[in-house]
Amino acid sequence: MRIQTVSTEPFEGQQPGTSGLRKKVKVFKQPHYLANFVQAVFDSIGDFAGQTLVVGGDGRFFNREAIQMILKMAAANGFGRVLVGQGGILSTPAASCVIRKNKAFGGLILSASHNPAGPDEDFGIKYNIGNGGPAPEGVTEAVFAHTRNIEFYNIVDCADLDLDHVGSFELAGMQVEVIDPVSDYAELMESLFDFAAIRALLASGFTMKFDAMHAVTGPYAKAILEGCLGAPAGTVMNGEPKEDFGGGHPDPNLTYAHDLVEIMYGDDAPDFGAASDGDGDRNMILGNHFFVTPSDSLAVLAANATRVPGYAGGIAGVARSMPTSAAVDRVAASLGLDCYETPTGWKFFGNLMDAGRVTLCGEESFGTGSGHVREKDGLWAVLFWLNILADRKEPVADILVDHWKQFGRNYYSRHDYEGVDAAAAAAVLQRVRDQFSTLPGTELAGRMVSLCDDFSYTDPVDGSVSRNQGVRVLFEDGSRMIFRLSGTGTSGATIRIYLESYEADAGRHGLDAQVALADMIEAAASVSQLQPLTGRDKPTVIT
Ligand code: VG1
Ligand code: CO
């Protein structure tokens, strides 16, 4: 076995976005493309000689090839041990769990999350640090800098490795351990939740469906829900992971999780429905004919946390990404907890959790999680809900209505315009920025504008500053209108418009969010001039 030093040249644009480097498979398949990025990661993360690296992915097309290359490069660069999921599989939260449990130096996670998979679709890679969470911006910037100067990478010249059987072997002095992708994660879930109570709930006639969307959560959900918790076989739908996710778009929202939505809004709908995304870190929660917005879900989990064994002692604080609704802020205020507002992307929660300042975190983009790992965690959120339902023995809808009665309702919606011309998308945001000085003090959608800015965040733990994290139009009554460009897409630009208004009056809590927000939606269109600037007259996805 020979260690080769291969000469290479930099590729343009290997800049990690909101969650790692995501590109079309065709881009990743170019000779040296992936190797360059992996070497740039290894050159940026400090002294890992003899240390442990965790590797796994969501099983999408190109996952296996990528993992073979990464293992050979990890050995050639001096890692002492690699833990890799059997068949190259690890959901994102499971990878975070394995990194933490084994005190690994870090991990490489192969996924483009909710983006479609297949030879013409997307692939992605990101580096997670030793706390199990996504690398902070300081690291991703260093990686990007290295990709621009790279001249060589190191790789072991050998045949492909057998990763389909649990066990261990040596590769050029490095130990490779092929691990069961589910067991450590399942054990962690059992330590947090009252499995006996959930088992009793599922045995009591309570019905549920979980849509794994042909992605990585299938094996996890089957093992935990149908295996440990005794849910009937068939509870997990679309549970066989496929390299192309069955041709679908594994994004658990009302548009893309249509199989599940049809069941939950059909005759004889189950009591509870949930779905997860490509890499298992997102979740959608549904009741019988009822959708729980991710922002409300976070608030409900925070308000009910002490019902769950893992959080029975209370939670330290909460955090949400800036565009996420302020529903959880109201729960935090009533419980006397600190509440942090961070930029979009899970990497901003890591420091707060490491410092013990927060326990629960969430994003409006169907991401919820806690300090048990350093990623958002789809199945964890589902189990949290099941534990609450087992304890409260009320329908999902009643829990929400009750929650709104106590805290008021933050009407919330996100409108996405996907695949927009990049220059036109930038012009839409600029158009709003151009009105920063004139809008405050004027009336929009029947409300007074109080402040407009580009959201900027100073990390309270390490003092690092992240600027330009979303264009905000804030109103005196707490309503908000936010414009942001996606940092995870791979073609054109995606404009996200986030709309929120607060309603204290319980008599007005039963409206459809699109109806309640109609004036805000209209005002956002006129302020941004989105239609004339992009030629789009309606969103691609509404959540
Ligand atoms: C989106 C979401 C963001 C999330 C990110 C990664 O980013 O808005 O909240 O953290 O995806 O989620 P953007 O930049 O496209 O808005 V996942 O499930 O792709 O790891
Ligand atoms: Co994801």
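Between segment 68-82 and segment 464-498, how far is it from one alpha carbon centroid to the other, in angstrom?
First find each Cα centre; the distance between them is then 38 Å.
On full extension of the chain, what length is gained from D267 through A422, given 0.36 nm per residue of separation minus the C-alpha to C-alpha distance?
51.5 nm
How many percent of the accessible area of the chain is carbon or sulfur, using a 1.4 Å probe?
48
Over the chain, what relative contact order in percent results from Cα pairs under 8 Å that are six or more residues apart? Don't skip to the answer; put the middle values down first.
Numbers: 1250 pairs, mean separation 73.4, N = 543.
Relative contact order comes out at 14 percent.
Any aspartates and glutamates with Cα under 18 Å of the K103 Cα? List them, leaving off those in the same chain fewer than 8 positions away.
K103 reaches D47, E177, D180, D184, E187, D354, E375.
Mean residue ellipticity at 222 nm from the helices of the chain, using -39,500 (n - 2.57) per DSSP H segment of n ≥ 4 over the full residue count, to the nearest 500 deg cm²/dmol?
-8500 deg cm²/dmol
Charges only on Cβ, +1 for Lys and Arg, -1 for Asp and Glu: so what's the dipole of segment 312-449 about the Cα centre, in debye to the nearest 20?
220
Would you mind working out the accessible area per residue for segment 1-88, using a 1.4 Å probe, and quoting it in Å²?
Values: 3270 Å² over 88 residues.
For segment 1-88, the solvent-accessible area averages 37 Å² per residue.
Could you list which residues have their amide H under 5 Å from that of Q14, counting only those 5 or more apart in sequence or on another chain, with H placed in the peptide plane?
The list, which skips near neighbours in sequence, is empty: none.
Among DSSP bridges having both ends in the chain, what percentage is antiparallel? Round to the nearest 5.
Bridges in the chain that DSSP calls antiparallel: roughly 70 percent.
Grab the other residues whose beta carbon is less than 15 angstrom from that of Q529, score K and R as +1, D and E as -1, and report the net.
Once positives and negatives cancel, what remains is -1.
When every alpha-carbon pair in segment 234-324 is counted, what percent end up more than 22 Å apart?
For segment 234-324, the fraction of Cα-Cα distances above 22 Å is 39 percent.
Excluding ligands, DNA and RNA, what is the solvent-accessible area per residue of segment 180-281 at a probe of 1.4 Å, expressed in Å²? If you can, show how the numbers build up before the last one.
Values: 3750 Å² over 102 residues.
Roughly 37 Å² per residue, with all protein chains present.
For H403, H146, H289, H214, what's the largest-to-smallest order of accessible area, 1.4 Å probe?
Solvent-accessible surface, decreasing: H289, H146, H214, H403.
Would you mind counting up the charge near A66? Only other residues with Cβ under 15 Å from its Cβ, with Lys and Arg at +1 and Asp and Glu at -1. Show your work: numbers first, answer last.
On the way: positive: R22, K23, K24, K26, K29, R60, R64, K72, K126; negative: D58, E65, E121, D122, D160, E243, D279.
Local charge sum for A66: +2.
Please calculate how many Å² of accessible area segment 352-428 carries per residue, with a 1.4 Å probe and no DNA, RNA or ligand atoms counted.
Ligands and nucleic acids excluded, the result is 26 Å² per residue.
Are there any trypsin sites (Lys or Arg not before Pro) in segment 431-507 that are in a DSSP loop and have at most 14 other Cβ atoms within 10 Å? List them by number.
Answer in residue order: R467.
Cα gyration tensor of segment 1-147, axes a ≥ b ≥ c as square roots of the eigenvalues: rounded (a/c below 1.5), prolate (a/b > b/c) or oblate?
Working: a/c = 1.27, a/b = 1.09, b/c = 1.17.
Since a/c stays below 1.5, the shape of segment 1-147 is classed as rounded.
Project the alpha carbons of segment 169-267 onto their principal axes and report the range along each, largest first, in whole Å.
Its Cα atoms span 59, 37, 20 Å along the three principal axes.
So what is the relative contact order for segment 105-168, in percent, with contacts set as C-alpha pairs under 8 Å and at least six apart?
Details: 45 pairs, mean separation 15.3, N = 64.
Relative contact order comes out at 24 percent.
Using a 10 Å cut-off on Cβ atoms, rank the peptides 14-22, 365-373 from the highest mean neighbour count down.
By packing density, highest mean first, the sequence is 365-373, 14-22.
The values are calculated or read from the model by the stated rules, or taken from the named source; none is laboratory data. Everything numeric here is computed off the predicted structure, so don't read it as measured data. Quick reminder, even Gly has a Cβ in these numbers, built from the backbone with ideal geometry, and neighbours come from all protein chains shown. Just the protein is used for accessible areas: all its heavy atoms, side chains included, with ligands, DNA and RNA removed. Shrake-Rupley method; radii C 1.70, N 1.55, O 1.52, S 1.80 Å.
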